[in-house]
Structure formats: structure tokens, C-alpha cells
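Novice: The structure follows.
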Amino acid sequence: MCGIIGYIGNKNAVEIAMEGLKKLEYRGYDSAGIAALINGKIHTVKCKGKIKNLESLINEKLKKAKIAIGHTRWATHGKPSDENAHPHCSGGIALVHNGIIENYAELKKELEKEGYKFISETDTEVIAHLIKKYRDKMPLEKAVINAVSRLKGSYALVIIDEQQPEKIIGVRMESPLVVGVMEDEKFIASDVPAFLNYCNRVIFLEDGEMAILERDEIKIYDIKGKEKEKKLISITWTPSMAEKGGFKHFMLKEIYEQPRALADTIRGRVFPDGSKINYDDLGLTQNKLNLIRKIYLVACGTSYHACLIGRYMIEKIAAVPVEVDIASEFRYREIPFEKDSLLIAITQSGETADTLAALRYAKKSGVKTLTICNVLGSTASREADAVFYTHSGPEIGVASTKAFTSQIVALYIFAFALSMAKKYASKIVYKKFLKELFLLPRMAEEALKLDDNIQQLAKELYRKPNFLYLGRGVNYPVALEGALKLKEISYIHAEGYAAGEMKHGPIALVEEGFPVIFIVSNDLYLEKTLSNIEEIKARDGFIITFSSSNTDKLKKISDRFIYVEGLNSYLDTVLFSIPLQLLAYHVALLRGCDVDQPRNLAKSVTVE
Ligand code: G6P
């Protein structure tokens with residue numbers, strides 16, 4: 001995720017901005033830049049790669065600045081490059097931006113018609129020109145308000161202007177910004193750690209708020225330009241806690257980021273009324289989609305579980321046959337590929353060696369390829385014929401959480417795009433299901449409220465040596481992923497199984513008190529899963545049920561029952577995954593495990 005820092009005061013502003021950027025490095029980034037005001041003129045330095053590269057561009061002159069803004073970019077629109085790095089400038093204005101502007105393409109067209117020249121591929125440059133356009137007619141504050149009223153999407157913006165060289169302006173919508181307040185100096189950043197070494201008295205901006213920072217004054221306005229009173233908060237976090245946004249671990253932070261991450265995956269892809277899916281940028285046309293007759297879904301680890309969920313969705317929603325395989329197996333099979341096939345490689349990092357090999361194997365065999373990927377400019381995204389970015393932000397915890405649920409959402413959107421292209425289901429059906437997608441981020445917030453219950457449950461369970469996770473249909477892969485999460489970070493032996501297959505083996509393990517976790521949707525599998533629960537009950541297993549169905553029968557038969565409010569069976573896979581991630585997290589914590597860096601595991605496996 002991108003990072004922002006801004007400083008105005010008497011100190012060396014560029015040094016403070018550089019220090020701030022270093023504090024934000026943990027968020028992941030691919031380029032960095034700084035803009036500083038010196039004698040009323042903006043000077044900008046920026047480059048692809050690490051902050052070290054940027055440091056070599058800082059000259060003595062820049063060190064004289066008392067006002068500076070800085071940015072670490074994690075590419076979302078346009079590859080990592082010097083040109084695409086922030087700040088972006090227009091007519092004496094420089095700004096940095098976190099977030100995604102959905103309507104940037106139409107704004108870009110409008111501005112180009114008016115003669116504005118673009119030198120980057122970013123959505124951000126549009127904002128710089130838009131503010132400049134308004135600032136030519138009105139003061140900067142008003143220009144910012146006018147410009148952001150034209151933006152659809154999410155943004156945290158920090159702006160400086162040669163015409164008002166004693167100010168920094170910050171404004172936010174769905175992307176965090178925090179102001180640091182000292183008597184004769186002010187800070188603004190995407191996260192507290194950027195300036196925590198200097199200042200711990202802060203104001204958190206809310207959506208639609210604008211902050212005007214001067215050396216000795218801070219004013220906050222609402223989006224209509226009306227001044228607001230805001231509370232100053234003293235931060236007591238340690239620097240390491242601050243990096244994690246106050247959470248104990250990155251994994252927990254990332255679990256809690258899911259409502260935002262999911263919204264960012266959906267953003268700009270699906271029309272809010274559910275009428276249309278936008279996939280022009282994927283390199284797939286309606287015609288190309290219509291021709292697809294077979295899909296291969298290939299991945300490793302958690303991404304493989306997303307593939308398994310994707311199979312249920314694509315086969316049901318678009319009636320296209322799907323084959324799923326683990327990349328390390330797929331790459332060595334001798335597959336008689338069918339004509340008009342599409343291979344979808346799912347990889348959050350875009351660098352997993354086996355997944356890349358599978359992708360290359362398919363390409364070499366003449367099969368079209370798509371990757372669902374979280375990292376812009378990664379190898380998979382460069383090599384595949386088409387890319388669907390999940391935009392869930394960098395994931396630092398080794399065990400994948402938000403990247404996984406975003407992959408599910410991407411597959412759900414893809415399944416509907418395919419179905420629409422093939423005119424398989426009626427428009428009414430699409431609309432219903434696509435509208436439900438927009439409820440998902442809020443429902444994910446509800447699922448996170450189960451955290452206290454899950455913590456209690458973890459206390460009961462953390463000493464158990466073995467676990468069985470069971471589900472049917474689309475919840476079978478949810479069970480696999482639940483078990484994988486627990487085993488990855490708590491080192492407890494856990495197995496996921498198809499509930500209907502359980503009696504062909506795993507049931508032999510069940511004895512008094514053996515914990516069996518059931519994932520049950522309110523769908524056609526409900527009764528069948530109930531029978532499987534009965535089978536475990538008869539053998540005195542300890543039944544923990546996560547369900548979107550609230551029936552008395554289910555509650556009565558379960559030793560512990562967690563109700564997860566659902567939307568539909570497909571999207572419920574996301575909602576069930578959240579409490580299962582939390583369960584793994586709390587169990588691991590109680591067992592004293594290193595949650596963010598489990599033994600023997602790596603975030604990105606670039607070897608075979
Ligand atoms: C490693 C990680 C997993 C991840 C898997 C696939 O094993 O520890 O969390 O699911 O790689 O990674 P990818 O980047 O291809 O999704």
C-alpha cells in the first residue's frame with residue numbers, strides 16, 4: 001500500500017520526509033518520491049525502486065526546504081516507473097495520492113481535450129491537472145474541494161502549491177490520513193509511524209474532511225468548506241505497534257483490512273446497480289470470453305483454495321467446465337489441452353515459481369492465459385495475456401488472509417462476466433448477485449465483530465492436538481483453507497475434508513472431544529451436512545459449527561455454534577473465512593507462535 005508523509009515547520013523538511021518514508025517501507029512499495037518548496041518553487045525528485053535510490057537524488061539545495069511531501073508508491077494504475085512515481089505536478093501544484101480513482105479515464109479524456117498533457121499512466125496525474133484547472137479560477141482550498149467532488153473512488157491526497165507556499169492541504173475519502181500537531185510544525189501522513197519519532201499528538205481525518213496545515217496553525221474543514229472542531233489524540237503506541245496500525249500483528253491488521261480490501265477489488269469493476277461488469281482493461285473482450293469452452297484454474301497454497309471455490313462458481317454461474325490443479329502438479333502433466341481453453345493462474349505475489357511454470361506451459365501449448373494477481377508489474381502479470389488485479393494492498397503476514405478473500409471476489413466477478421458474455425443467465429439474476437457484492441464489505445465488518453467469541457473459542461481449543469474441518473460444496477475449499485490457516489501458524493495438525501467423504505477415512509480419528517469444525521451455508525447442502533454432524537455427534541466428537549443458517553436443530557446439535565450472517569453461498573465463503581482466520585490467529589497466539597513469520601514458511605516461494 002502506498003505511504004504518504006508531509007511536513008511544514010522550521011526543520012529540514014526533506015530529511016523528515018525521507019525518514020517518514022523509511023518508516024513506511026514495511027507497507028511495501030515499488031517507487032518513491034519527494035516534492036519540496038524552496039523559495040516559492042517546487043522541486044521534485046522521484047524514482048523507481050527503493051528509498052535508497054531516492055536518497056542519492058537529494059542534493060544540498062533540497063535540504064534547505066521547510067515544506068515537503070513524500071510518497072512511497074505501490075502500483076495500482078501504471079507499472080512501477082520513474083514517470084509513474086509520485087508526486088505528480090501541474091502548473092505549480094504537486095501532490096501525492098493513496099487510493100484508486102475509478103473515473104480517471106473519463107476525467108483524463110476531458111482534461112486532454114482542454115489541452116492538458118499527461119506524462120504518466122497513473123490515475124493520480126488526473127487529480128493534479130484537475131486541481132490546477134480549478135485553482136486557475138479560485139483559491140487552492142476551493143479548487144481542492146471542487147476537484148475532489150468530481151472524483152469517484154478512494155483517495156488520501158496531500159497537496160502543495162507554489163501560489164500558497166506556506167501551506168499543505170490534505171483531504172481524504174476511504175483512505176487514511178492523520179495530522180501530527182506540534183506548536184510550530186505540522187505533519188501529515190497515511191500512518192502514524194511516519195512521524196511518531198517527532199510528534200505523538202494527532203488528529204485522525206474522517207472521510208470528506210480537509211486539513212489545512214500551516215506552521216503554527218491547523219484547520220479542519222468538511223467537504224463543503226465549513227470549519228470543524230476535531231479532537232487531538234495522544235498516541236501511546238510503541239513504534240512497532242504503530243507500524244501495525246495498533247494491531248499486535250500484521251496478520252491481524254490484514255484480517256481487519258478485509259472490508260477495505262474487498263471494496264477495492266470490486267471498485268470500478270462492477271456497476272453499483274449490478275447491470276454491468278467493466279473488464280475492458282483485462283485484455284478480454286466479450287467476444288473472447290464468449291469463445292471460452294474450458295477453464296483451467298491453477299495455483300499454490302491458499303490461492304489454490306481460491307481456485308477450488310472458483311470452480312464451483314464458474315461451473316454454476318457460467319456453465320463452463322473447470323479443471324483445478326496445484327501448479328507443481330499441473331506443470332508436469334501432459335495435458336491434451338482442449339481448443340478454446342483459458343488458463344487462470346491465481347497468485348497474490350505473481351512470483352510463485354510453480355505457478356509461473358504452469359502459466360508458461362499453458363502459453364507454450366497455445367492456451368490463452370489470465371492471471372488474478374495482487375502485485376502490479378509482477379512476473380505473472382507481465383507474462384499472462386490478461387490480468388485481473390485484486391488491489392487488496394500488500395500483505396506482510398506470511399499466511400494469506402485478505403489476498404485470499406479478494407481472489408474469491410475476483411473469481412465471482414469473472415464468473416459473472418463470463419456468464420454475461422455467454423448470455424447464460426437472465427439479467428435479473430446477474431443484478432441480484434452483483435448487487436449483493438456491494439454488501440460484502442459491510443458484511444465482512446459484521447463478521448469481524450465475532451472476534452471476541454472466537455477468542456473465547458480459541459481458549460477452549462488451543463491445547464487440542466488435532467482438528468478436522470468439514471464442509472460441502474463451495475464450503476469444502478473453505479474447510480481446506482481453514483485447516484491450512486490453523487496448521488500454518490499454530491503448528492497444530494489440521495485436516496480439511498469434504499464432509500460427505502469424511503466417513504471414508506477421517507471418521508476413524510474421531511473420539512470423545514475430538515474437535516470437528518463444520519462450515520454450513522443456508523443452502524441445498526444444509527440437510528446433508530446435518531447428517532454428517534450427526535455422524536460425528538454419535539462418536540462424541542466436539543462439534544463447532546460456523547453457519548449462515550440459524551436453525552434450532554443446527555444449534556442444538558453443535559457444542560459451539562457461531563452464526564455468520566450470510567449473503568449467498570458463494571460470497572459466504574468470504575464471510576466464513578474471516579472467523580476461521582481469526583480462530584487460527586488466536587489459537588496460534590495462545591500457543592506462543594510467531595504469527596507473522598511461521599517457521600519454515602515463506603511469503604513468496606520463488607523456487608520449485
Ligand atoms: C506461500 C505462502 C502462501 C501462499 C502461497 C502461494 O506458500 O506462504 O500464503 O498462498 O505461497 O502464493 P501466491 O503468491 O502464488 O498466491
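Here, each number is a calculation from the coordinates, and none is a lab measurement. These numbers come from a predicted model, not from an experiment. Here the Cβ positions follow ideal geometry from the backbone for every residue, glycine too, while neighbour counts run over all protein chains shown.
Novice: Taking θ as phi - 60°, what are the ³J(HN,Hα) couplings along the range 125-141 by the Karplus curve (6.51, -1.76, 1.60), each to the nearest whole Hz, with x for Gly and Pro?
Specialist: 4, 4, 5, 4, 5, 5, 5, 4, 4, 6, 5, 5, 10, 7, x, 3, 3
Novice: Zone of Tyr198 (label point 7 Å along Cα→Cβ, backbone N under 14 Å): which residues in the range 71-108?
Specialist: 71
Novice: Moving on to the next point. Just the Cα atoms of the range 277-410: what Rg and Dmax do they give in Å?
Specialist: When restricted to Cα atoms, the range 277-410 yields Rg and Dmax of 13.6, 40 Å.
Novice: Order of Ser328, Ser400, Ser531 from fewest to most other C-beta atoms within 10 Å?
Specialist: The fewest-first ordering by Cβ neighbours comes to Ser531, Ser328, Ser400.
Novice: Can you tell me the order of 511-523, 269-281, 209-221 when each peptide is scored by its average per-residue count of other Cβ atoms within 10 angstrom, highest first?
Specialist: Going by the mean number of other Cβ atoms within 10 Å, highest first, we get 511-523, 209-221, 269-281.
Novice: Using modelled amide H (1.01 Å from N, peptide plane; none on Pro or chain starts), what sits under 5 Å from the amide H of Gly153, excluding residues fewer than 5 places away?
Specialist: Glu102
Novice: Further question: Ranked highest first by the average count of other Cβ atoms within 10 Å around their residues, in what order do 369-382, 297-310, 29-42 fall?
Specialist: Per-residue Cβ counts within 10 Å, averaged per peptide and sorted highest first, yield 297-310, 369-382, 29-42.
Novice: Over the chain, what is the relative contact order in whole percent, taking alpha-carbon pairs under 8 Å and six or more residues apart?
Specialist: Normalised by residue count, the contact order of the chain is 11 percent.
Novice: With just the Cα atoms of the range 1-108, tell me how far they stretch along each of the three principal axes, in Å, largest first.
Specialist: So the extents along the principal axes, rounded to whole Å, are 39, 31, 20.
Novice: Moving on. Mind listing the long-range amide H neighbours of Ile344? Cut-off is under 5 Å, sequence gap 5 or more, other chains count too, H placed in the peptide plane at 1.01 Å from N.
Specialist: For Ile344, whose amide H was placed from the backbone, the distant partners under 5 Å are Tyr296, Leu297, Val298, Leu370.
Novice: Treat the chain as a sphere of radius equal to its Kirkwood radius over Cα pairs and apply Stokes-Einstein at 37 °C in a medium of 0.692 mPa s; give the translational diffusion coefficient in µm²/s, rounded to a whole number.
Specialist: Answer, rounded: 129 µm²/s.
Novice: Right, something else. Which order do the peptides 560-569, 226-235, 105-114 take when ranked by the mean count of other beta-carbon atoms within 10 Å per residue, highest first?
Specialist: 560-569, 105-114, 226-235
Novice: Can you give the relative contact order of the range 470-541 as a percent, counting alpha carbon pairs under 8 Å and 6+ residues apart?
Specialist: 37 percent
Novice: If you bin the C-alpha pair distances of the range 331-478 every 5 Å from 0, what whole percents do you get?
Specialist: Spelled out bin by bin, the range 331-478 gives 2, 8, 12, 15, 18, 16, 13, 9, 5, 3, 0 percent.
Novice: In whole Hz, with x marking every Gly and Pro, tabulate ³J(HN,Hα) for the range 421-430 from phi via Karplus 6.51 cos²θ - 1.76 cosθ + 1.60, θ = phi - 60°.
Specialist: 4, 8, 6, 7, 10, 7, 4, 4, 5, 4
Novice: Between Glu565 and Asn146, how many nm apart are label points set 7 Å from Cα along the C-beta direction?
Specialist: 4.2 nm
Novice: Sticking with this structure for a sec: Give, to the nearest whole percent, the P(r) tail of the range 87-151 beyond 14 angstrom, counting all Cα pairs.
Specialist: For the range 87-151, the fraction of Cα-Cα distances above 14 Å is 52 percent.
Novice: When Thr122, Thr405 are ordered from fewest to most other Cβ atoms inside 10 Å of their Cβ, what list results?
Specialist: Exposure proxy ranking, most exposed first: Thr122, Thr405.
Novice: Which is farthest toward the positive dipole end of the range 190-349 among Val298, Pro336, Leu205, measuring Cα position about the Cα centre, with Cβ charges +1 (Lys, Arg) and -1 (Asp, Glu)?
Specialist: Pro336
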